[in-house]
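**Q** Before we start, here is the structure in question, set down as structure tokens.
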Amino acid sequence: HGTDVTLVGLDSGFRHSTKYALERSDHVTAVSNYLAQYTLESLKLEIPIQVIYNMVDTDRFVKNADARFRARFAHPDEFILVHVSNFRKVKRTEDVISTFAKVSSEFSARLLMVGDGPERAPALELAQKLGVMGRVHFLGSFPNVESILGISDIFLLPSSQESFGLSALEAMSCEVPVVASRTGGIPEVVTHGESGFLCDLGDTDDMAQRVLELL
């Protein structure tokens, strides 16, 4: 699925057992071509891996037309950008803040940060430093994330590594375009210029420009 190989599986204490389990399995699947190839190369395997992409419940993840719910987070004339993650370093939440700061200097907008984790504090500090704290909402672990995605205008995903990018797929199901980094399995989920835009890792100037184009 991802970190079971890219993080845990490559740890010296688990590498042998991960490789052993994969080589002796009757069938192995991965959520993207990227992850399948990464697994084969990093663990030096010669086994068939079938790619079965993650799926999304398109009845649950839909556009939210509830204007009163949207008004809880933004004024009618404001755009809503959103980021959903576990706030680990790999998610590059500070890039989200930097991108939003550049966008909000051109458009009236709000940023909804959904989730929690170790990088929440640095993201908070950067928002204060860049003067956008009043327009950034840290919502924590929101139970019905589809309701937030459904009222959003753009989804930001600047991760340094994603085996697939399920949150991007959920956003797209809610008719929300994605601006993301061109890493890992994300290009297999987001079609550049069609369902969103892909940018070089860490290029918050380009990400902001792409968001501005969409807005």
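The values are calculated or read from the model by the stated rules, or taken from the named source; none is laboratory data. Predicted, not measured: the structure shown is a model, and the values here were computed from it. Here Cβ is always computed from backbone atoms with ideal geometry, including for glycine, and neighbour counts include all displayed protein chains. Just so you know, the surface numbers come from the protein's heavy atoms only, side chains and all, with ligands and any DNA or RNA stripped out. Shrake-Rupley method; radii C 1.70, N 1.55, O 1.52, S 1.80 Å.
**Q** Any residue at all in segment 41-51 that is of a type in the set (Ser, Thr, Tyr) and out of contact with any Ser or Thr (no Cβ under 9 Å at 6 or more places or on another chain)? Working first, answer last.
**A** Of the residues in segment 41-51, the ones of a type in the set (Ser, Thr, Tyr) are 42.
Those left that are additionally out of contact with any Ser or Thr (no Cβ under 9 Å at 6 or more places or on another chain): none.
No: segment 41-51 contains no residue that is of a type in the set (Ser, Thr, Tyr) and out of contact with any Ser or Thr (no Cβ under 9 Å at 6 or more places or on another chain).
**Q** Suppose the filter is surrounded by 18 or more Cβ atoms within 10 Å (Cβ to Cβ) and either out of contact with any helix residue (DSSP H, G or I) (no Cβ under 7 Å at 6 or more places or on another chain) or not in a helix (DSSP H, G or I) (or both); does ALA65 pass it? So that I can check it myself, show each step before the final result.
**A** On the way: surrounded by 18 or more Cβ atoms within 10 Å (Cβ to Cβ): no; either out of contact with any helix residue (DSSP H, G or I) (no Cβ under 7 Å at 6 or more places or on another chain) or not in a helix (DSSP H, G or I) (or both): yes.
Against the criterion (surrounded by 18 or more Cβ atoms within 10 Å (Cβ to Cβ) and either out of contact with any helix residue (DSSP H, G or I) (no Cβ under 7 Å at 6 or more places or on another chain) or not in a helix (DSSP H, G or I) (or both)), ALA65 does not qualify.
**Q** What is the number of the single condition among (1) charged (D, E, K, R); (2) assigned to a loop (DSSP other than H, G, I, E, B); (3) open to solvent by 50 Å² or more (accessible area, probe 1.4 Å) that GLU162 does not meet?
**A** GLU162 satisfies all of (1) charged (D, E, K, R); (2) assigned to a loop (DSSP other than H, G, I, E, B); (3) open to solvent by 50 Å² or more (accessible area, probe 1.4 Å) except (3).
**Q** Next up: Test of understanding: among GLU41, GLU46, which residue is assigned to a loop (DSSP other than H, G, I, E, B) and either under 22 Å from MET172 (Cβ atoms) or open to solvent by 50 Å² or more (accessible area, probe 1.4 Å) (or both)? Break it down into steps so the answer makes sense when it comes.
**A** Numbers: GLU41 fails: assigned to a loop (DSSP other than H, G, I, E, B).
On inspection, the qualifying residue turns out to be GLU46.
Residues checked against (1) open to solvent by 60 Å² or more (accessible area, probe 1.4 Å); (2) modelled with pLDDT under 95; (3) not in a loop (DSSP other than H, G, I, E, B):
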{"site": "ASP57", "(1), (2), (3)": "yes, no, no"}
{"site": "PHE73", "(1), (2), (3)": "no, no, no"}
{"site": "ILE80", "(1), (2), (3)": "no, no, yes"}
{"site": "HIS83", "(1), (2), (3)": "no, no, yes"}
{"site": "PHE87", "(1), (2), (3)": "no, no, no"}
{"site": "GLU94", "(1), (2), (3)": "yes, no, yes"}
{"site": "THR99", "(1), (2), (3)": "no, no, yes"}
{"site": "LYS102", "(1), (2), (3)": "yes, no, yes"}
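**Q** Let me confirm something: among PRO143, PRO177, PRO118, which residue is open to solvent by 50 Å² or more (accessible area, probe 1.4 Å) and under 21 Å from PHE61 (Cα atoms)?
**A** Just a single option satisfies the conditions, and that option is PRO143.
**Q** Among the candidates SER98, SER108, SER104, SER85, which residue alone is within 16 Å of ILE154 (Cβ to Cβ), of a type in the set (Gly, Ala, Ser) and touching a His at 6+ places or on another chain (Cβ under 8 Å)?
**A** SER108
**Q** Given the conditions (1) within 21 Å of SER181 (Cβ to Cβ); (2) open to solvent by 60 Å² or more (accessible area, probe 1.4 Å); (3) touching a Leu at 6+ places or on another chain (Cβ under 9 Å), and given that PHE107 satisfies all but one, which numbered condition is not satisfied?
**A** PHE107 satisfies all of (1) within 21 Å of SER181 (Cβ to Cβ); (2) open to solvent by 60 Å² or more (accessible area, probe 1.4 Å); (3) touching a Leu at 6+ places or on another chain (Cβ under 9 Å) except (1).
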